[in-house]
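Heads up, the thing below is written out as structure tokens.
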Amino acid sequence: MDQLISLEPLNVVAIRVEQGQKCYGKITLKNVMYTMPVAFRLQPMNKFRYSVRPQSGIISPLTTLTVEIMYDLPPNSSLPESYPYCDDSFLLHSVVVPGVAVKNTYTNDSVPSDWFTTRKKQVFVDSGIKVMFVGSMVMAKLVANGSMDEIRDVLEKSEPSWKAVDSVDSEGQTLLHLAIGQGRADLVQVLLEFKPDVEARNRVGLTPLEAAAASGESLIVELLLAHQASAQRLEPSAWGPIHLAAGAGHIDVLRLLLLKGVNVDALTKDGNSALHLAVEERRRHCARLLLTSGANPNIRNSSRDETPLHIAVALGDDKMVNLLLQKGANKNIRNQSRQTAYDVATEHGHTRLFDALRLGDSLCVAARKGEIRTINRLLDGGVAINGQDQHGWTVLHRASFKGHTNVVQILMEKGVDIDIDARDEDGYTALHCAVESGHVDVLELLVKRGADIEARTNKGATAMQIAESLNYTGITRVLVHGGAEKDELALLSKTAPEFASKTGTRYGNEMGSMSMKKMTTRTRAVCGSFDQSSTPLIMI
């Protein structure tokens, strides 16, 4: 046998040091003898710094005794000179005392000192009892220094009644917050092994997950989520993790939160969604991810009843405006001031947004109806004349197809930058539209203005091929006079049926205004909604 008493914790006295409090630690002594009582004496090597209560006593067989050790922290010091380890140690003397009745108890003064010195007895001496300093300030310093091995050692040896992993420094930062502030995912992982409070808040009220989300620490966010940190906004937080990530543009963090099932439309304390914040901070990649993940593009905030579109328009962010419109944003919603997105654009002077928000639609409707006065007003107001709808049709496509020669004339005169050969999604120009619908006057005007007669659709059809397939002899003459290849006529007369089959179209006879019944399959598909009450979206 080499010892009579076992120690818990093993050969270490853990002394807790806290600011403004007494510094003390506890060590448990256990008599490992089955039948004999054991006397002990615990002495500090530095008698001026430590005091022990009780310093000596007798322990009954297989029972324990807890000893308290006080530490005198030097004046004007918040921490010992060395931590968590130091050179201080204790001597533990133990001896079997068979002649002492088990029921007797001896205090510091009543245990004879010569029991531990007489040569007649076998006295065991343990000089390997070391001192370890623990406490909130010690833990905070170790985390700040990134001392992973020492952190783990202190957490393992600290008294269970004090949850060392939830220590807080003098500024109200938990150990998790300190590790997150350094971007140390490895430290966070060590701390999480000891089950800290993952919802504890720092001095500014952020939970660890909120702090990590705000800093863009995606690996730490993943660790915290795996340890059941809440992804939702919890009171009294003003913003939740999703708002912090979206506002700061941390898309990797945002993706992790969305995969965890966070409410994509959750509101901040002042009533903004993550989409509002992403738009306000011009985080287009985050806004796109939110919208793809089901965010409501028409959600209103609580302060001004504004949708994300109102905010994007106020900032003049045309790319964000287009993104929101593509994802279903309603441009007719009014905010608290009864303003639509177009009204906001007008207020801030963002004229380049007019076409996407209102004027483009109005111009196309006016062109379809042939309303000259409205067209003049809109053109004078700065409408984007080359704006295209979801099928790629410009206002010139519409006017040409409808045969409004006067509208085409105005567009040519006022639209200095008009793209006369703009193509729709099927490769049709305004010239193709005029030919297909049989409007000779419009065709002549377009040819006179320099429209490309040889332009081909996506299926390779020229205006001449369309005219010949429809037996539009008058239009054919105009095209030939305008420079179309005459040699093409002979070929077309032989291949018209084959061409109609190839293009999948069904043509009627030449007429002043082509009826819907005799429209081609392509034209019906593209233009079928033009006479409906709702106007297709204009795309910039």
task: Specify which labelled value, from (i) 1.38; (ii) 0.93; (iii) 0.96, agrees with Rg/Rh (Cα atoms, Kirkwood Rh) derived from the coordinates of the model shown.
output: (i)
message: Starting from the 7 Å offset along Cα-to-Cβ, what nm value, one decimal, do you get for the label separation of ARG334 and GLU444?
response: 4.9
statement: At q = 0.15 Å⁻¹, the log10 of I(q)/I(0) for region 5-134 from a Debye sum over equal Cα scatterers comes to -0.70
message: Applying a 10 Å radius around every beta-carbon, put 192-200, 293-301 in order of their mean neighbour count, most first.
response: 293-301, 192-200
query: Exposure proxy check: ILE418, ILE375 ranked by fewest other beta carbons within 10 Å?
result: ILE418, ILE375
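To the nearest 20 debye, what is the magnitude of the charge dipole of the chain about its Cα centre, counting +1 on the Cβ of each Lys and Arg and -1 on the Cβ of each Asp and Glu? Present the calculation step by step, with values, prior to reporting the outcome.
Numbers: 59 positive and 62 negative charges, 187 e Å.
In debye, rounded to 20, the chain gives about 900.
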- line: One can check that the equivalent ellipsoid of region 175-250, built from the alpha-carbon gyration tensor with semi-axes equal to the square roots of five times its eigenvalues, has lengths in Å, largest first, of 18, 13, 11
statement: Taking the alpha-carbon centre of each part, the distance from region 1-59 to region 259-308 in Å is 60
message: How much length would be gained if the chain were fully extended between GLN228 and ALA266, taking 0.36 nm per residue of separation minus their Cα-Cα distance, in nm to one decimal?
response: 11.8 nm
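Packing-wise, with mean Cβ within 10 Å as the measure, how do 425-435, 316-326 rank, highest first?
Result, highest mean first: 425-435, 316-326.
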- request: Would you mind ranking TRP162, TRP239 so that the residue whose beta carbon has the fewest other beta carbons within 10 Å leads the list?
  value: TRP162, TRP239
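Using a 10 Å cut-off around each Cβ, can you sort MET132, MET70 from fewest to most neighbouring Cβ atoms?
MET70, MET132
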task: Have a look at ALA212, ALA312, LEU234 and report the one farthest towards the positive end of the charge dipole of the chain, computed about the Cα centre with Cβ charges (Lys/Arg +1, Asp/Glu -1).
output: LEU234
query: Given LYS319/LYS414; LYS414/LYS459; LYS121/LYS157; LYS22/LYS195; LYS319/LYS459, which pairs have Cα atoms separated by over 30 Å?
result: LYS414/LYS459; LYS121/LYS157; LYS319/LYS459
- request: Grab the Cα-Cα distance for ASP114 and SER293, subtract it from 0.36 nm times how many residues apart they are, and report the gain in nm with one decimal.
  value: 56.4 nm
query: Taking 0.36 nm per residue of separation and subtracting the Cα-Cα distance, what length does fully extending ARG352 through THR63 add?
result: 95.4 nm
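Readers should treat all values here as calculations from the given coordinates under stated rules, not as data from a laboratory. Owing to the predicted nature of the structure, the values given are computational and were not obtained by experimental measurement. Counting neighbours? That spans all protein chains shown, and the Cβs are built from the backbone with ideal geometry, glycine included.
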